[in-house]
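Taking it in order: structure first as C-alpha coordinates, then the write-up.
The values are calculated or read from the model by the stated rules, or taken from the named source; none is laboratory data. Quick caveat, the model's predicted, so the values are computed rather than measured. Positions of Cβ are backbone-derived with ideal geometry, glycine not excepted, and every protein chain shown enters the neighbour counts. For the accessible areas, the whole protein counts, side chains as well, though only heavy atoms, and no ligand, DNA or RNA atoms are used. Shrake-Rupley method; radii C 1.70, N 1.55, O 1.52, S 1.80 Å.
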Amino acid sequence: MTRQRSHFEEELRIIPTGWGIASVIGFAAVEILFHVLIPYWSHHHDLPPQPWWTLLGVVSALVTAATILLIGYIYADSKRRGMNAVLWTLLVILIPKPIGFIAYFLLRKPLLEPCPNCRWPIGQDFAYCPKCGHALAPSCANCGRAIRRDYMCCPFCGKTVGGTAT
Ligand SMILES: [Zn+2]
Ligand SMILES: [Zn+2]
(Lines give C-alpha, C1' and ligand atoms only; values in the text may rest on other atoms or scores of the structure.)
(Ligands and ions follow the chains in the order given, each with its own letter.)
Protein backbone atom coordinates (compact mmCIF):
# COMPACT_ATOMS: atom_id res chain seq x y z
CA MET A 1 0.00 0.00 0.00
CA THR A 2 2.73 2.47 0.99
CA ARG A 3 4.73 1.29 -1.99
CA GLN A 4 1.76 1.76 -4.32
CA ARG A 5 1.23 5.22 -2.93
CA SER A 6 4.83 6.38 -3.29
CA HIS A 7 4.80 5.10 -6.88
CA PHE A 8 1.64 7.16 -7.46
CA GLU A 9 3.32 10.23 -5.97
CA GLU A 10 6.39 9.67 -8.12
CA GLU A 11 4.18 9.52 -11.17
CA LEU A 12 2.48 12.76 -10.15
CA ARG A 13 5.88 14.44 -9.92
CA ILE A 14 6.43 14.15 -13.67
CA ILE A 15 3.59 16.65 -14.26
CA PRO A 16 5.24 19.92 -15.38
CA THR A 17 4.76 22.87 -12.98
CA GLY A 18 2.90 24.89 -15.62
CA TRP A 19 0.15 22.25 -15.70
CA GLY A 20 -0.06 22.30 -11.89
CA ILE A 21 -0.53 26.08 -11.95
CA ALA A 22 -3.09 25.72 -14.77
CA SER A 23 -5.09 23.23 -12.69
CA VAL A 24 -5.18 25.64 -9.70
CA ILE A 25 -6.33 28.42 -12.04
CA GLY A 26 -8.94 26.05 -13.49
CA PHE A 27 -10.21 25.26 -9.98
CA ALA A 28 -10.43 28.99 -9.11
CA ALA A 29 -12.12 29.80 -12.43
CA VAL A 30 -14.89 27.24 -11.86
CA GLU A 31 -15.42 28.52 -8.29
CA ILE A 32 -15.71 32.08 -9.61
CA LEU A 33 -18.13 30.86 -12.25
CA PHE A 34 -20.34 29.21 -9.62
CA HIS A 35 -20.21 31.87 -6.92
CA VAL A 36 -19.84 35.11 -8.86
CA LEU A 37 -20.72 34.85 -12.54
CA ILE A 38 -23.71 32.47 -12.59
CA PRO A 39 -25.45 34.18 -9.60
CA TYR A 40 -24.79 37.51 -11.31
CA TRP A 41 -26.13 36.38 -14.71
CA SER A 42 -29.19 34.71 -13.21
CA HIS A 43 -29.82 37.62 -10.78
CA HIS A 44 -29.82 35.04 -7.97
CA HIS A 45 -32.98 33.40 -9.32
CA ASP A 46 -33.46 29.74 -10.20
CA LEU A 47 -30.32 28.54 -8.41
CA PRO A 48 -30.43 25.27 -6.45
CA PRO A 49 -30.43 25.62 -2.62
CA GLN A 50 -27.11 27.00 -1.29
CA PRO A 51 -25.49 23.82 0.17
CA TRP A 52 -26.14 21.89 -3.06
CA TRP A 53 -24.90 24.75 -5.17
CA THR A 54 -21.68 24.98 -3.11
CA LEU A 55 -21.16 21.22 -3.34
CA LEU A 56 -21.79 21.23 -7.10
CA GLY A 57 -19.32 24.09 -7.46
CA VAL A 58 -16.59 22.30 -5.49
CA VAL A 59 -17.10 19.00 -7.36
CA SER A 60 -17.03 20.74 -10.76
CA ALA A 61 -13.90 22.66 -9.77
CA LEU A 62 -12.19 19.46 -8.58
CA VAL A 63 -13.10 17.62 -11.78
CA THR A 64 -11.75 20.53 -13.84
CA ALA A 65 -8.48 20.65 -11.85
CA ALA A 66 -8.03 16.84 -12.02
CA THR A 67 -8.70 16.86 -15.77
CA ILE A 68 -6.04 19.53 -16.34
CA LEU A 69 -3.55 17.57 -14.18
CA LEU A 70 -4.31 14.36 -16.08
CA ILE A 71 -3.73 16.11 -19.42
CA GLY A 72 -0.44 17.45 -18.03
CA TYR A 73 0.49 13.94 -16.91
CA ILE A 74 -0.28 12.54 -20.36
CA TYR A 75 1.85 15.27 -21.95
CA ALA A 76 4.88 14.42 -19.77
CA ASP A 77 4.29 10.66 -19.82
CA SER A 78 3.93 10.42 -23.62
CA LYS A 79 7.11 12.49 -23.98
CA ARG A 80 9.20 10.19 -21.77
CA ARG A 81 7.85 7.15 -23.63
CA GLY A 82 9.09 8.52 -26.95
CA MET A 83 5.55 9.13 -28.23
CA ASN A 84 4.30 12.26 -30.00
CA ALA A 85 3.48 14.33 -26.88
CA VAL A 86 1.82 17.27 -28.66
CA LEU A 87 -0.37 14.98 -30.75
CA TRP A 88 -1.50 12.90 -27.76
CA THR A 89 -2.15 15.97 -25.62
CA LEU A 90 -4.32 17.46 -28.37
CA LEU A 91 -6.11 14.12 -28.84
CA VAL A 92 -7.06 13.76 -25.17
CA ILE A 93 -8.18 17.41 -25.08
CA LEU A 94 -10.29 17.11 -28.25
CA ILE A 95 -11.74 13.60 -27.89
CA PRO A 96 -14.73 13.49 -25.49
CA LYS A 97 -13.11 13.14 -22.09
CA PRO A 98 -13.14 9.60 -20.76
CA ILE A 99 -12.62 8.08 -24.23
CA GLY A 100 -9.44 10.06 -24.95
CA PHE A 101 -7.94 9.19 -21.55
CA ILE A 102 -8.83 5.49 -21.80
CA ALA A 103 -7.43 5.34 -25.35
CA TYR A 104 -4.18 6.88 -24.15
CA PHE A 105 -3.68 4.42 -21.29
CA LEU A 106 -4.50 1.46 -23.56
CA LEU A 107 -2.24 2.57 -26.40
CA ARG A 108 0.74 4.14 -24.65
CA LYS A 109 4.12 2.61 -25.36
CA PRO A 110 6.18 0.94 -22.62
CA LEU A 111 8.58 3.16 -20.68
CA LEU A 112 11.95 3.70 -22.31
CA GLU A 113 14.95 2.21 -20.49
CA PRO A 114 18.00 4.45 -20.13
CA CYS A 115 21.18 3.40 -22.00
CA PRO A 116 23.52 1.70 -19.47
CA ASN A 117 26.39 3.73 -20.89
CA CYS A 118 25.03 7.28 -21.41
CA ARG A 119 21.46 7.21 -19.90
CA TRP A 120 19.87 8.16 -23.25
CA PRO A 121 16.29 6.74 -23.43
CA ILE A 122 16.25 3.50 -25.39
CA GLY A 123 13.33 1.91 -27.28
CA GLN A 124 12.55 -1.73 -26.46
CA ASP A 125 13.61 -3.10 -29.84
CA PHE A 126 16.83 -1.07 -30.18
CA ALA A 127 20.03 -3.04 -30.66
CA TYR A 128 22.37 -0.07 -30.25
CA CYS A 129 22.09 3.20 -28.35
CA PRO A 130 21.28 5.94 -30.91
CA LYS A 131 23.35 8.42 -28.90
CA CYS A 132 26.61 6.63 -28.02
CA GLY A 133 26.45 3.44 -30.10
CA HIS A 134 26.60 1.14 -27.05
CA ALA A 135 25.52 -2.39 -28.00
CA LEU A 136 22.31 -3.13 -26.11
CA ALA A 137 21.81 -6.66 -27.41
CA PRO A 138 24.34 -9.40 -28.20
CA SER A 139 25.24 -9.70 -31.86
CA CYS A 140 25.84 -12.73 -34.05
CA ALA A 141 29.54 -13.63 -34.24
CA ASN A 142 29.10 -14.59 -37.91
CA CYS A 143 27.03 -11.78 -39.49
CA GLY A 144 27.21 -9.12 -36.77
CA ARG A 145 23.47 -8.47 -36.61
CA ALA A 146 21.78 -7.96 -33.24
CA ILE A 147 20.09 -11.02 -31.80
CA ARG A 148 18.25 -11.81 -28.62
CA ARG A 149 19.98 -13.50 -25.71
CA ASP A 150 17.66 -16.53 -25.80
CA TYR A 151 18.24 -17.33 -29.52
CA MET A 152 19.97 -20.61 -30.22
CA CYS A 153 20.52 -19.81 -33.91
CA CYS A 154 20.95 -16.46 -35.67
CA PRO A 155 17.67 -15.61 -37.44
CA PHE A 156 19.57 -13.80 -40.20
CA CYS A 157 22.39 -16.17 -41.21
CA GLY A 158 21.35 -19.40 -39.50
CA LYS A 159 24.62 -20.02 -37.61
CA THR A 160 24.36 -21.53 -34.15
CA VAL A 161 24.77 -18.83 -31.53
CA GLY A 162 23.33 -20.71 -28.55
CA GLY A 163 25.38 -21.48 -25.48
CA THR A 164 26.72 -17.95 -25.11
CA ALA A 165 23.57 -16.71 -23.44
CA THR A 166 24.06 -15.60 -19.89
ZN1 LIG B 1 24.18 5.35 -24.90
ZN1 LIG C 1 24.13 -14.19 -38.02
For this session: Run A28 past the list (1) open to solvent by 100 Å² or more (accessible area, probe 1.4 Å); (2) within 30 Å of S78 (Cβ to Cβ) and report the number of the one that doesn't hold.
Result: (1)
Problem set entry | Residue satisfying all of: in the stretch 97-115; open to solvent by less than 90 Å² (accessible area, probe 1.4 Å) and within 16 Å of ligand 1 (Cβ to nearest atom); nearest to W19 (Cα to Cα) among these | L112
Exercise. In the set N142, N117, which member is assigned to a loop (DSSP other than H, G, I, E, B) and within 16 Å of ligand 2 (Cβ to nearest atom)?
Worked result: N142
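Residues are listed down the side, and each one gets a yes or a no for (1) open to solvent by 70 Å² or more (accessible area, probe 1.4 Å); (2) of a type outside the set (D, E); (3) closer than 16 Å to I14 by Cβ; (4) modelled with pLDDT under 90:
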{"residue": "C118", "(1), (2), (3), (4)": "no, yes, no, no"}
{"residue": "D125", "(1), (2), (3), (4)": "yes, no, no, yes"}
{"residue": "R148", "(1), (2), (3), (4)": "yes, yes, no, yes"}
{"residue": "Y151", "(1), (2), (3), (4)": "yes, yes, no, yes"}
Problem set entry | L94 being open to solvent by 60 Å² or more (accessible area, probe 1.4 Å), modelled with pLDDT of 90 or more and either away from ligand 1 (no atom under 16 Å from the Cβ) or out of contact with any helix residue (DSSP H, G or I) (no Cβ under 9 Å at 6 or more places or on another chain) (or both) | yes
Exercise. If you check every pair at least six apart or on different chains, which have Cβ atoms under 8 Å apart with a residue in the stretch 31-47 that is free of Cβ contacts under 8 Å to residues at least 40 places away in the same chain first and a residue that is assigned to a helix (DSSP H, G or I) and of a type in the set (A, V, I, L, M, F, W, C) second?
Worked result: E31/V58; E31/A61; F34/W53; F34/L56; F34/A61; L47/I38; L47/W53
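Check whether at least one residue in the stretch 63-78 is away from ligand 1 (no atom under 16 Å from the Cβ), more than 30 Å from R149 (Cβ to Cβ) and surrounded by fewer than 16 Cβ atoms within 10 Å (Cβ to Cβ), and report yes or no.
Residues of the stretch 63-78 that are away from ligand 1 (no atom under 16 Å from the Cβ), as a first pass: 63-78.
Still in the running and more than 30 Å from R149 (Cβ to Cβ): 63-76.
Now restrict to residues that are surrounded by fewer than 16 Cβ atoms within 10 Å (Cβ to Cβ): 63, 66.
Within the stretch 63-78 (the criterion being away from ligand 1 (no atom under 16 Å from the Cβ), more than 30 Å from R149 (Cβ to Cβ) and surrounded by fewer than 16 Cβ atoms within 10 Å (Cβ to Cβ)), the answer is yes, since at least one residue qualifies.
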Exercise. What do you reckon, is V59 modelled with pLDDT of 90 or more, out of contact with any helix residue (DSSP H, G or I) (no Cβ under 9 Å at 6 or more places or on another chain), open to solvent by less than 90 Å² (accessible area, probe 1.4 Å) and in a helix (DSSP H, G or I)?
Worked result: yes
